[in-house]
Amino acid sequence: MIFNSLPFLIFAAVFFLLYFQVRGRERMWLILLSGYFFYGWWDWRFLGLIAFTTVMDFTLGLYIDRSENQKQRRTAVVASIVMNLTFLGFFKYFNFFADSLATLVRSLGMEPSWTTLNIILPVGISFYTFQSLSYTVDVYRRKLPVERDFIKFAAFVSLFPQLMAGPIVRAYDLLPQMSEDKKFEWRRWNSGLGRVLWGFFKKVAIADSLAPFVDQIFTAPETFGSLHLLIGVVFYSFQIYCDFSGYSDIAIGLARMMGFRFPENFRTPYFSRSFSEFWTRWHISLSSWLRDYLYIPLGGNRHGVVKTYRNNMITMLLGGLWHGANWAFVFWGFLHGLYLILQRLVSPIWRSVVRVMRLPKFVDDGVCILAVYTLTLFAWIYFRAGSLGPASFKVANQVIMGILSGEQFSFGAIINKFQVLKGVLLIGILLTVEITNFRWHWNERQLRHPAWRMAAFAALLWLIAFFGTFGSNAFIYFQF
Amino acid sequence: MKHFIWYAAFLALLFTGDRLAGWLLQRETMASQFRYSRLYSGRAGADVLLVGNSRGLTFYAPYIEQSSGQSTCNLSYNGLPMDVANALIQDYLEHYPAPKTLLLDITICDRANNELLAGFAMYAPFSPRLSGLIRDSLPKMWGGNQFSHLTRFNNEIFQRALFHRKKSDKDWLLDRVIPPKLVAEVAQQQYPLEVHPQLVTSLQAAVQAAQAKGVQVQLVISPYFPGFAQNVTNLDALKTAVEQATGLPVHDYRQALGDPGDFGDFMHPNRAGSIHYIDLLRKDGLLP
């Protein structure tokens, strides 16, 4: 079930009616069953996979907690890691590695005899796997007390707002909240609803409106002029931002309406002044997960420059691979790893330039933001092409060469001018709200003034009606 | 209780604002110089009615009017499907004196286009035919349009109407020369044209309605880029189907223009190409 669909609106209405009528254990059951219903609406066959992961991690958690023997504890946590990553690896990466190996074998002049399997990727597997995995690891690290109530643990894994596409809420953030007795509060309800509406606006009005223009340029890049391609790439950067952060807004808002506190997943990432800052503002729940469970265990920045670079690169390469089974995603991760390394080299030089030339702060910030955005844009081209299968690198390179050629760099050469104008207008609305939000804190404001709330909610719904694309388009991050 | 009152007020504001904004946008739309706004506000009477999809924009109205002294109304639109064109033609015939000629490019039958049909929602209050088409083909959208009037304006047709608010749309045409790198690929390009029997039936209905009003109907296949027409599959099948359905000959200009400089892309003659094409149509007596 996806948020931007009629079945979900009906589901949510029924769920919230029931949710505040029940307490304690009944509520846990409601959360659990509604999560399974929500997920099963997409494909009930994969409910068994979630259930199995849940049972195994719950059992291993108990075992890790009970055991005083460090070796046994370690074995159990490794078993959890292996199990979770095996599922993820099989469903998501089996064909990718089989294909890659076949290509390698063919390049050596041999003909491989195996074939790939027709594997369906279970929606959200990357998200709930990481979430469940964080539990056993944290119990092993003794950062989190073990959960002895299976229903509560199962409800934690299947909590529907974040089940399909995050944010990846860690066990130590969410499990303690499962025990709280949450009563209905208007303030929380209004705050959550405001967030949900803003998320819908970002997804339905912005991301889905930009999508056709973007799809067109990645389908046949050779037929478009350079300005058309450049606009398409810029549009993609906002499409993916609004698609994913829109989902996160809806998830955070729904959770807030239920009484849960989810961590923020995006903080205006395109205003980042460095790549390290970018990764504290883009998909925060994943980047912090990778930082805590991969980068730091690898040694982080504690063992000299070379190992820091290596750890940066490994983390970003795996982060890229997490997004999808295609070398283009890995290359996207490689680019971001490279950016992080280059930043460490270039940043001191730039700081010296700023000091010597006495550049004002707004120029310094402006240059940095522009540089980070431009390089991010470059990497997005490979990321977008990553979903195109074997042709991904060819298409990405065509788009880049098309932009750099400078041919037909005029507005007159653009075929869908109206889509461009609509896209620019919507991005303008988004940026205006996000920039003014630094000062005005819109969601706080609507909570203090009911009249503001009425106007803001109505305005959002009017904007959705006027600009929205109502095809129940799935969220991009579902495929990851 | 206080919160429920606020939410009730919110719903009232939401509904009232939607209706008010819908009314304002409707007013602006109908005052526009855009073709369909003129059609549904009584400002589209003409001697020659021109109909097609994006290829129908090749019927370059300023040149026809200048060379023949006849007034024109071009109902063509990018991706316009024949079922919508049928509704537009019949609405025209119902509200205006019969034109002398209806010139129709039959490649308009190559696709159904519900996405574009949705764009005509803002004209649905003025056309039971369009309203019925939307209700039958897009029932959810039709329901949404009744619930929120703002959704009727959430489309490209509205944007074009706004763009042409004070600016004539008669010279709307793809005016560029096909890029050389695209020309080099002409042999590899395929255009899978499909014959949709229900669209041929719509064309037949439009032709019969026009003939019943004494309109001289001319059916044509407009020019394709040299060497491209053979890559368009089923063109002959479409021609035969239309001739059988209407009993009229289809005048075939698919290879009438031989100069690559006459085209904006493989499918569309540019301004120069359109002028050459219109000269041919006039010479052959299809246009006055």
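The table that follows gives values for the structure above.
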{"read-out": "A:Ala391 being surrounded by 16 or more Cβ atoms within 10 Å (Cβ to Cβ), within 31 Å of the chain's Cα centre (by Cα), assigned by TED's automatic domain parsing to the domain that holds A:Phe275 and closer than 19 Å to A:Thr219 by Cα", "value": "no"}
{"read-out": "Lone unmet requirement of (1) in contact with a Ser or Thr (Cβ under 6 Å, 6 or more places away or on another chain); (2) buried (at least 21 other Cβ atoms within 10 Å of the Cβ) for A:Met164", "value": "(1)"}
{"read-out": "Elements of type helices (runs of 4 or more DSSP H) contained in the stretch B:1-105, each with 2 or more residues being surrounded by 19 or more Cβ atoms within 10 Å (Cβ to Cβ) and away from every other protein chain (no Cβ under 14 Å)", "value": "B:35-39, B:61-68, B:82-95"}
{"read-out": "Total residues in the stretch B:123-141, condition touching a helix residue (DSSP H, G or I) at 6+ places or on another chain (Cβ under 9 Å), more than 12 Å from chain A (Cβ to nearest Cβ) and either under 23 Å from A:Leu6 (Cβ atoms) or polar (S, T, N, Q) (or both)", "value": "8"}
{"read-out": "Top-ranked residue of the stretch A:173-204 - restricted to ones that are more than 12 Å from chain B (Cβ to nearest Cβ) and polar (S, T, N, Q), ranked as farthest from the chain's Cα centre (by Cα)", "value": "A:Ser179"}
{"read-out": "Subset of the stretch A:457-480 (residues that are more than 25 Å from the chain's Cα centre (by Cα) and either modelled with pLDDT under 90 or within 8 Å of another protein chain (Cβ to nearest Cβ) (or both))", "value": "A:Phe457, A:Ala458, A:Trp462, A:Ala465, A:Phe466"}
{"read-out": "Residues located in the stretch B:114-139, provided they are more than 15 Å from B:Leu39 (Cα to Cα) and surrounded by fewer than 19 Cβ atoms within 10 Å (Cβ to Cβ)", "value": "B:Asn114, B:Glu115, B:Ser131, B:Gly132, B:Arg135, B:Asp136, B:Ser137, B:Leu138, B:Pro139"}
{"read-out": "Hits in the stretch B:156-178 - residues which are more than 9 Å from chain A (Cβ to nearest Cβ) and not charged (D, E, K, R)", "value": "B:Ile157, B:Phe158, B:Ala161, B:Leu162, B:His164, B:Ser168, B:Trp172, B:Leu173, B:Val177, B:Ile178"}
{"read-out": "The stretch B:254-273, residues that are of a type in the set (Gly, Ala, Ser) and farther than 17 Å from B:Ala229 by Cβ", "value": "B:Gly261, B:Ala272"}
{"read-out": "Scan of the stretch A:336-366 for residues that are in contact with a Leu (Cβ under 8 Å, 6 or more places away or on another chain) and either acidic (Asp, Glu) or under 15 Å from A:Ala379 (Cα atoms) (or both), ordered by number", "value": "A:Gly337, A:Tyr339"}
{"read-out": "Residue check, B:Gly144 in contact with a Phe, Trp or Tyr (Cβ under 8 Å, 6 or more places away or on another chain) and touching a residue at least 12 places away in the same chain (Cβ under 8 Å)", "value": "no"}
{"read-out": "Filter result for A:Leu377 (within 20 Å of the chain's Cα centre (by Cα) and either farther than 19 Å from A:Ile314 by Cβ or among the hydroxyl-bearing types (Ser, Thr, Tyr) (or both))", "value": "yes"}
{"read-out": "Condition check for B:Phe153: within 14 Å of chain A (Cβ to nearest Cβ), under 21 Å from B:Phe34 (Cβ atoms) and surrounded by 19 or more Cβ atoms within 10 Å (Cβ to Cβ)", "value": "yes"}
{"read-out": "Hits in the stretch B:163-218 - residues which are of a type in the set (S, T, N, Q) and surrounded by 18 or more Cβ atoms within 10 Å (Cβ to Cβ)", "value": "B:Ser202, B:Gln204, B:Gln218"}
{"read-out": "Counted residues, the stretch B:33-73 - those being closer than 23 Å to B:Asp175 by Cα and in contact with a His (Cβ under 9 Å, 6 or more places away or on another chain)", "value": "7"}
{"read-out": "Test: residue in the stretch A:251-271 that is on the phi > 0 side of the Ramachandran plot, more than 15 Å from the chain's Cα centre (by Cα) and buried (at least 18 other Cβ atoms within 10 Å of the Cβ)", "value": "yes"}
{"read-out": "Residue within the stretch B:184-195 that is of a type in the set (Asp, Glu) and within 14 Å of chain A (Cβ to nearest Cβ) present", "value": "yes"}
{"read-out": "Scan of the stretch B:258-273 for residues that are touching a residue at least 40 places away in the same chain (Cβ under 8 Å) and among the small types (Gly, Ala, Ser), ordered by number", "value": "B:Gly261, B:Gly264, B:Gly273"}
{"read-out": "Number of the exception - A:Arg45 against (1) in a helix (DSSP H, G or I); (2) under 24 Å from A:Gly192 (Cα atoms)", "value": "(2)"}
{"read-out": "Flag for A:Gly389 being under 14 Å from A:Ser226 (Cα atoms) and either within 12 Å of another protein chain (Cβ to nearest Cβ) or touching a residue at least 24 places away in the same chain (Cβ under 8 Å) (or both)", "value": "no"}
{"read-out": "Odd one out for A:Leu227 among (1) under 19 Å from the mean Cα position of the chain (by Cα); (2) surrounded by fewer than 24 Cβ atoms within 10 Å (Cβ to Cβ)", "value": "(1)"}
{"read-out": "Residue check, A:Asn416 within 14 Å of chain B (Cβ to nearest Cβ) and either within 26 Å of B:Met122 (Cα to Cα) or without any contact (Cβ under 8 Å) to a residue 24 or more places away in the chain (or both)", "value": "yes"}
{"read-out": "Criterion: at pLDDT below 90 and over 18 Å from A:Leu32 (Cα atoms) - qualifying residue of A:Lys143, A:Lys182", "value": "A:Lys143"}
{"read-out": "Helices (runs of 4 or more DSSP H) wholly inside the stretch A:256-330 that include at least 1 residues being of a type in the set (D, E, K, R)", "value": "A:275-278, A:304-323"}
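The values are calculated or read from the model by the stated rules, or taken from the named source; none is laboratory data. Predicted, not measured: the structure shown is a model, and the values here were computed from it. Here Cβ is always computed from backbone atoms with ideal geometry, including for glycine, and neighbour counts include all displayed protein chains.
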